[in-house]
Amino acid sequence: MRIYLDHNATTPLRDEVVATMARVLAETYGNPSSVHEEGQRARHSVERSRAAVAALLGVNPDEVLFTGGATESNNTVLLGVLPALSGRKRHLVTSATEHPSIDAPAAELVRRGWRLTRVGVDPDGRVDPDEVASAIEPDTALVSIIWANNETGVLQPIGPIARIARERGVLMHTDATQAVGKTPVEIGELPVDFLSLTAHKFNGPKGVGCLVARSGTGFGSILHGGPQERGLRGGTENVAAIAGLGVACELAADELPDRMARYASLRDRLWDGVVAKVPGVRRNGCAEGVLANTLNLEFSGAAGELLLQALDVEGIAVSSGAACHSGSIEPSAVLVAMGRTPEQARGSLRLSVGHGNDESQIDQVLAILPDLVRRARDIA
């Protein structure tokens, strides 16, 4: 049986999610915009999920807009909402360790004449709120900082950064894709204007997520042609996927403390075993202030891609960086921004635990990994 340690790329569906989606696909087939009973059953399923998302995040249900996932949500904020709300402002502040779904639309804004400031990070991958404050100018329209890094699991100080943005009269967005379901993400009292998430990072289905747009932001329509999502995103809703997202949020709300403790125990068991058995290993990111499930390791003198392939042959799935970079041997931009050399970045692996992993699997990885590292170093 294979061992899956790539939960930051995507996660297996929970049985509860599968059961709900199967039931909705079979029984709740009406169009949520229809006024008859079948349509209203579908509408009820959508609105129940909206309430579950809102409860998990501490926001009002009418601030939750369903999308096709975090990439759509991020692009919507930067390329759709921001130009419409910015007036004459044409400056964006983000960090050097964002996900490509922020970096790419930011680059598109630059091509359209915007200015972009990427705030650096310290060797542990953390943004200094004071540097964000220094980067904000009179022309700044938005600050967008990732909540939890997808490669290292490093958590950013979103609260202080959001308060700085609010004090300066600047909109605040956070990509919370990796954080939701793995660490508390409650923005009810935080001055966060926009938040993106996707279901498949916390045991929900692929192809569905949401954008939280707080009341008063002036958020306008992004897809025209239908009344769905309060007229903001036209198109018949994917009811089954939205229902699956709702169940994933309900499970996260019920289980989060136990889930975090469980993940941290497995991650620490893995880290302690690697340190004891494999020389020349460094942790990318500090031990505190990171996601409980994420471990990013540099194996000095070994090629990460080679190690990944060797582990895969042994039935163990890990990542050499963000899933969006799979197949590329380019060094991780996140690790380079943290001060790692390209060689050090290429020698790093991300191991992320989650639902379905147990101690016996971790021990099996620890039994196999030392020999694979030795062989990878010999080849290098």
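The values are calculated or read from the model by the stated rules, or taken from the named source; none is laboratory data. As the structure is a computational prediction, the values presented were derived from the model and not from experiment. Positions of Cβ are generated from backbone atoms using ideal geometry, with glycine treated the same way; all protein chains shown enter the neighbour counts. Calculation scope for accessible area: heavy atoms of the full protein, side chains included, ligands and nucleic acids excluded. Shrake-Rupley method; radii C 1.70, N 1.55, O 1.52, S 1.80 Å.
Assorted remarks:
- Gain upon complete extension [residue 51, residue 230; 0.36 nm per residue less C-alpha separation]: 62.9 nm
- Under the Karplus curve 6.51 cos²θ - 1.76 cosθ + 1.60, θ = phi - 60°, whole-Hz ³J(HN,Hα) for the stretch 86-95, x wherever Gly or Pro sits: 7, x, 8, 6, 9, 9, 10, 10, 9, 10
- Heavy-atom accessible area order for 307, 171, largest first, 1.4 Å probe: 171, 307
- Sequence of 101, 33 from largest to smallest accessible area, 1.4 Å probe: 33, 101
- Theoretical FRET efficiency, 1/(1+(r/R0)^6), r = Cβ-Cβ of residue 378 and residue 84, R0 56 Å, to 0.05: 0.45
- Overall Cα dimensions of the stretch 1-118 - principal axes, largest extent first, Å: 50, 48, 25
- Of the whole protein surface, residue 230 contributes about 120 Å² of accessible area at a 1.4 Å probe radius.
- Figure legend: label point modelled 7 angstrom from the Cα of residue 186 along Cα→Cβ; residues of the stretch 45-63 with amide N under 11 Å from it are 56-59.
- Distance between modelled label sites at residue 108 and residue 358, nm, 7 Å Cα→Cβ extension: 4.5
- Ratio Rg/Rh, restricted to the stretch 158-225 and using Cα atoms, in which Rh is the Kirkwood radius: 1.01
- For q = 0.18 Å⁻¹, Debye-computed log10 I/I(0) when each Cα of the stretch 68-147 counts as one equal scatterer: -0.71
- Cα-only radius of gyration and Dmax that characterise the stretch 54-93, units Å: 12.6, 36
- Convex hull volume per residue for the stretch 91-207, taking Cα atoms only, in Å³: 104
- Cα pair distances exceeding 21 angstrom across the stretch 275-380, given as percent: 31
- Computed Kirkwood radius, in angstrom, where 1/r is averaged over Cα pairs of the stretch 111-160: 12.2
- Full extension of the segment from residue 137 to residue 33, taken as 0.36 nm per residue of separation minus the current Cα-Cα distance, would add 33.0 nm.
- Over the stretch 1-45, the Kirkwood radius and the radius of gyration, each from Cα atoms, give a ratio Rg/Rh of 1.25.
- Mean silhouette area of the stretch 221-266, derived from the convex hull of its C-alpha atoms and averaged over all directions, reads 4.6 nm².
- Residue 182 accessible area, 1.4 Å probe, all protein chains in place, Å² to nearest 10: 10
- Taking label points 7 Å from Cα along the Cα-to-Cβ direction, residue 2 and residue 18 give a separation of 1.5 nm.
- Contour excess over end-to-end distance, with Cα ends at residue 215 and residue 313 and 0.36 nm allotted per residue: 30.3 nm
- Under the span-like rule (Cα at least 15 Å along the axis, Kyte-Doolittle mean at least 0.5), DSSP H helices of the chain: 15-27
- Scattering curve values for the chain, log₁₀ I(q)/I(0), Debye with Cα scatterers, q = 0.13, 0.15 Å⁻¹: -1.06, -1.31
- All aspartates and glutamates inside 12 Å of residue 277 as judged from Cα atoms, apart from same-chain residues fewer than 8 positions distant: 363, 371
- Largest first and in whole Å, the equivalent-ellipsoid semi-axes of the stretch 79-125 read 22, 11, 9, each the square root of five times a Cα gyration tensor eigenvalue.
- Binning all Cα-Cα separations of the stretch 167-272 at 5 Å, short to long from zero, yields these whole-percent fractions: 2, 10, 16, 18, 19, 15, 8, 5, 3, 1, 0, 0.
- The residues of the chain present an accessible area of 41 Å² per residue when probed at 1.4 Å with all protein chains retained.
- In straight-distance terms, cross-link reach from residue 201 covers every one of the lysines whose alpha-carbon lies under 17 Å from its own, apart from those fewer than eight places away in the same chain; here that gives 182.
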